[in-house]
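Read the structure below first, then the notes.
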There are 2 protein chains.
Amino acid sequence: MLHHVDGERLWARLMAMARIGPVAGDGNCRLTLSDEDEAGRALLASWCTARGFALRRDAIGNLFFRREGRDPAAPPVLVGSHLDTQPTGGRFDGILGVLAGLEVLETLCDLGLETERPLDLCVWTNEEGSRFQPAMMGSGVACGILPFEQALAACDADGVRVADELSRHGYDTEPVPDIGPADCYIELHIEQGPILEASGKTIGVVTGGQGIRWYEIALTGEETHAGPVPMRLRKDPVPVLARLIDLVQEIGNRDPEARCTIGTVRALPGSINVVPGRVEMTVDLRHPDEAELNVMHDALIQGCGALAKRFPDIALEVAPRWHSPVVRFDATLAGQVKSCCERLGLATRDMVSGAGHDAFHLARRVPTVMIFVPCRDGISHNPREYASPEDATAGADVLLAMVLERAGACG
Amino acid sequence: MLHHVDGERLWARLMAMARIGPVAGDGNCRLTLSDEDEAGRALLASWCTARGFALRRDAIGNLFFRREGRDPAAPPVLVGSHLDTQPTGGRFDGILGVLAGLEVLETLCDLGLETERPLDLCVWTNEEGSRFQPAMMGSGVACGILPFEQALAACDADGVRVADELSRHGYDTEPVPDIGPADCYIELHIEQGPILEASGKTIGVVTGGQGIRWYEIALTGEETHAGPVPMRLRKDPVPVLARLIDLVQEIGNRDPEARCTIGTVRALPGSINVVPGRVEMTVDLRHPDEAELNVMHDALIQGCGALAKRFPDIALEVAPRWHSPVVRFDATLAGQVKSCCERLGLATRDMVSGAGHDAFHLARRVPTVMIFVPCRDGISHNPREYASPEDATAGADVLLAMVLERAGACG
């Protein structure tokens with residue numbers, strides 16, 4: 001039998017949450033562990049406790065709202081996402097996954113449906129990583145991937161520690177974070193890219209996450225006056241920058257699944273009439289296949305080596321800074337998402353997530369899958385971020401169907 | 001008859017001046033109209049007044065120390081330069097021209113030599129343009145090229161106006177700046193480039209200054225997440241930056257006299273995992289021939305137009321920001337510098353100044369020439385800036401010979 005969530009209630013709650021920490025142009029600013037972040041969590045808690053969902057917290061500030069199952073000892077089905085936002089973030093990134101989870105729990109109550117397994121609605125602390133690094137902090141600690149002490153010591157730009165803010169909000173007396181046993185984790189999220197919209201599909205069945213490699217590259221030449229020094233006597237790193245840009249574009253364009261980005265570039269000292277002595281840049285390589293990502297890595301390192309030989313006057317340093325391996329979600333769960341969508345009459349396509357998500361950490365501990373819905377023009381981390389009420393509802397319907405599938409509807 | 005300056009006295013004064021506003025690595029910081037700049041000027045004034053050279057000031061802070069001539073009504077011979085420095089400047093840029101001028105005046109006193117014309121040692125306010133823009137401010141106002149009101153209204157990064165600082169130091173009650181009639185202006189300066197050193201010559205006879213054109217270029221695409229958006233759906237301005245760098249290098253490399261510099265580049269918003277929405281850069285084009293500079297200008301504008309057509313997804317704006325035409329110094333004066341060097345046994349070469357100097361403004365009002373001496377490794381605007389005592393002395397000897405040539409030795 002097909003069940004549906006209350007799309008209007010879901011939308012009203014999305015809009016109510018968006019009134020906390022508003023920024024110009026329909027955006028939100030609820031930075032991790034700020035007063036606004038806490039206010040958003042308090043609003044969610046007020047809705048949850050009104051329906052009798054008990055709250056458990058942990059010492060990194062993760063929240064778990066439980067709808068009890070017929071077998072309270074059975075490993076629960078976890079749903080959720082995050083409520084924190086970028087400084088000029090949108091109303092859906094993370095929030096949809098949390099509020100759709102609440103909507104699923106409430107719909108089950110409205111329908112009088114019990115489940116065999118308990119259901120936990122999870123709210124992870126600091127997914128965005130804007131105020132405190134690294135991102136995906138709460139899920140990382142709770143999954144035993146990020147050391148708790150490292151998370152506690154992280155400081156924001158004003159020198160405030162995560163530990164200070166946790167203590168200010170009273171989380172410090174809670175138990176040490178650990179997700180414990182669970183049946184599975186299911187996270188609904190906006191795509192944050194243009195693919196679903198372009199392909200006319202409503203649901204992205206996310207089979208995994210791209211592997212990511214980050215690099216810092218520096219080109220050092222010699223700073224000189226733009227007037228007196230002839231071109232042939234200069235050690236100008238800027239022409240070599242052009243060759244590096246071409247190299248990175250080549251690596252990105254030989255395979256439609258590859259992503260190559262030069263996100264930062266700057267010439268130093270940065271004066272109109274000074275030949276720069278140094279150029280600094282970053283490179284972000286991504287691929288859904290780890291072997292291919294390694295091929296891209298090798299192409300970058302070898303390409304930099306060739307450029308260093310070709311331009312002996314310019315010192316070229318390339319420093320790998322981070323490697324997040326390819327993530328594979330649970331194939332059984334992905335198959336179940338597809339079946340649910342079929343029953344609901346929703347068009348799907350398989351996808352690989354380009355952005356990082358808490359689900360990446362969960363996948364290392366429990367069977368995990370993500371469900372994407374389209375976002376307009378692929379725009380995210382931006383006040384213009386938008387998912388339609390129809391798509392948000394469709395995503396929540398799929399989440400409801402998955403919860404019933406996994407948690408065991410008892411009638 | 002050949003006369004020589006006192007090279008040891010000149011060097012001692014250079015080193016004494018360098019003790020005011022010292023920075024690490026033998027450098028100096030005497031920003032325009034700062035307390036340090038004023039202290040440097042006071043030290044000079046103490047030396048000048050000790051020898052009886054009368055001081056005249058003007059309302060933009062220019063200083064003129066006079067050694068009277070036999071005919072006080074005759075248009076004077078002007079020598080000089082500036083005492084202000086870059087934030088991490090050297091000990092010679094500007095300072096050599098001022099202290100060599102003092103050395104020439106003192107040597108004439110020591111030798112008991114009178115001149116027909118009066119001699120004015122000029123110290124121009126704000127040649128560097130680091131704290132207040134534009135550069136070459138005092139000479140520009142005194143030559144009627146830069147509007148006085150514009151100079152007074154210029155603000156530093158803290159919002160302090162030139163007018164405020166002039167008033168603080170008591171210049172505001174002085175006469176409106178105007179150089180008045182003069183026989184000629186002769187400025188000794190370090191080359192700030194590597195050409196003299198590389199060619200083994202001691203004196204550069206500067207026949208003029210390069211024309212300069214400045215541009216701001218902006219490439220606007222669309223900011224997106226580095227993960228979810230495929231390469232072919234991006235509007236990434238960075239690949240177009242590579243084509244622009246190549247274009248500017250081409251323009252610079254087709255003629256050995258041309259200079260092309262991309263001094264500033266930055267990608268915005270500047271985050272490792274965000275495809276930049278915008279790239280901003282500046283271009284500095286220079287050439288000693290105005291017609292060739294115009295050819296370079298046309299090549300840049302047309303090249304940008306071609307790139308705009310080739311990359312329709314990226315908005316390319318190119319905005320010309322400044323044009324300083326080619327400067328030609330006085331040919332008679334240049335010939336006299338060469339004759340003086342010949343008599344002194346100093347090897348010369350003709351040069352065109354790549355850097356801007358107060359002499360560029362003076363050249364529009366009175367016959368003007370510059371004399372260059374080598375600076376080590378061509379390094380300037382840097383604490384490592386260095387001219388040897390021998391070269392500094394040689395330059396001052398030439399200045400002395402020129403002053404005697406133009407002012408008419410009487411005794």
Arrange the peptides B:401-409, A:293-301 so that the one whose residues have, on average, the most other Cβ atoms within 10 Å appears first. B:401-409, A:293-301
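For B:R310 and A:A54, what is the calculated FRET efficiency with R₀ set at 51 Å and r taken between the beta-carbons, to the nearest 0.05?
On the way: r = 62 Å, r/R0 = 1.21.
Between B:R310 and A:A54 the formula returns 0.25.
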For segment B:333-411 and segment B:119-146, what is the separation of their Cα centres, given in Å? 19 Å
When each copy gets a label point 7 Å from Cα toward the beta-carbon at A:A157, what are the spacings between them in nm, shortest first? 1.7
When the Karplus curve 6.51 cos²θ - 1.76 cosθ + 1.60 is applied with θ = phi - 60°, which whole-Hz ³J(HN,Hα) does each residue of segment B:73-87 get, with x for Gly and Pro? 8, 5, x, x, 8, 9, 10, x, 4, 9, 10, 6, 10, 5, x
Crossing angle, helix A:238-253 versus chain A [Cα axis fit, 0-90 degrees, rounded to tens]: 40 degrees
Given Cβ charges of +1 for Lys and Arg and -1 for Asp and Glu, the option among B:C304, B:A291, B:P228 whose Cα lies farthest towards the positive end of the dipole of segment B:211-324 is B:P228
Name the residues of segment B:225-248 whose amide N is less than 15 Å from a point 7 angstrom out from the Cα of A:D377 along the C-beta direction? B:225, B:234-236
Label-to-label distance, nm, for residues given as A:R168 and B:D35 (7 Å Cα→Cβ offset): 3.8 nm
Starting from the 7 Å offset along Cα-to-Cβ, what nm value, one decimal, do you get for the label separation of B:A347 and A:M15? 8.4 nm
Cα long-axis angle, helix A:7-18 against chain A (0 to 90 degrees, to the nearest 10): 50 degrees
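Below 8 Å, C-alpha to C-alpha, sequence gap of six or more: please give me the relative contact order for segment A:211-324 in percent.
On the way: 218 pairs, mean separation 50.3, N = 114.
44 percent.
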Relative contact order [Cα under 8 Å, 6+ residues apart], segment B:1-129, whole percent: 33 percent
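Restricting things to alpha carbons, find the Rg to Rh ratio for segment A:147-303 using the Kirkwood radius for Rh. It would help to have the intermediate numbers written out before the result.
Numbers: Rg = 22.8 Å, Rh = 20.4 Å.
My calculation puts Rg/Rh at 1.12.
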For A:M351, enumerate residues with amide H under 5 Å from its amide H, sequence gap 5+ or separate chain, H modeled in the peptide plane. A:V205, A:V206, A:T207
Just from its helices, what would the mean residue ellipticity at 222 nm be for chain A, if runs of 4 or more DSSP H residues each count -39500 (n - 2.57) and the sum is divided by every residue, rounded to the nearest 500 deg cm²/dmol? -11000 deg cm²/dmol
Determine which residues of segment A:12-35 fall in the zone a paramagnetic label at A:D110 would reach in this model, i.e. backbone nitrogen under 17 Å from the point 7 Å along Cα→Cβ. A:12-16
Using only Cα atoms, what is the ratio of the radius of gyration of segment B:211-324 to 2.2 N^0.38 Å? 1.14
Cα extents of segment A:1-119 along the three principal axes, largest first (Å): 45, 34, 20
How many angstrom lie between the Cα centre of segment B:61-75 and the Cα centre of segment B:212-235? 58 Å
Reduced to Cα centres, the span from segment B:268-330 to segment A:187-203 in Å works out to 39 Å
Relative to chain A, whose Cα atoms define the longest principal axis, helix A:290-310 and its Cα axis are tilted in degrees, nearest 10, by 20 degrees
Given bins 10 angstrom wide, list per bin the percent of all Cα-Cα distances in chain B, short to long. 5, 21, 28, 23, 13, 6, 3, 1, 0
Quote the charge dipole size of segment A:211-324 about the Cα centre in Debye, to the nearest 20; the model charges only the Cβ of Lys and Arg (+1) and of Asp and Glu (-1). 420 debye
Taking every alpha carbon pair in the protein assembly as shown and sorting the distances into 10 angstrom bins from 0 up to the bin holding the longest one, the percent per bin comes out as 2, 12, 18, 17, 13, 12, 10, 8, 5, 2, 1, 0, 0
Residues whose modelled amide H sits under 5 Å from the amide H of B:T368, counting only those 5 or more places away in sequence or on another chain, are B:Y185, B:D330
Number of Lys-Lys pairs in the protein assembly as shown under 16 Å by Cα, sequence gap 8 or more or different chains? 4
Give the peptides A:70-77, B:245-252 in descending order of average Cβ contacts within 10 Å, highest first. B:245-252, A:70-77
Under a crude label model (7 Å from the Cα following the beta-carbon direction), how far is A:N253 from A:A409 in nanometres? 5.2 nm
Amide hydrogen neighbours beyond the local backbone of B:V275, cut-off 5 Å, H modeled: B:T224, B:H225, B:A226
Whole-number percent relative contact order across chain B, with pairs defined as alpha carbons under 8 Å at least 6 apart: 24 percent
Could you rank the peptides B:378-384, A:212-218 by their average count of other C-beta atoms within 10 Å per residue, with the highest value first? B:378-384, A:212-218
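Read-outs throughout are calculated quantities, based only on the coordinates presented, and are distinct from any laboratory measurement. The structure presented is a predicted model; accordingly, all values stated were derived computationally and were not measured. Every residue, glycine as well, gets a Cβ built from its backbone with ideal geometry; the counts of neighbours run over all protein chains shown.
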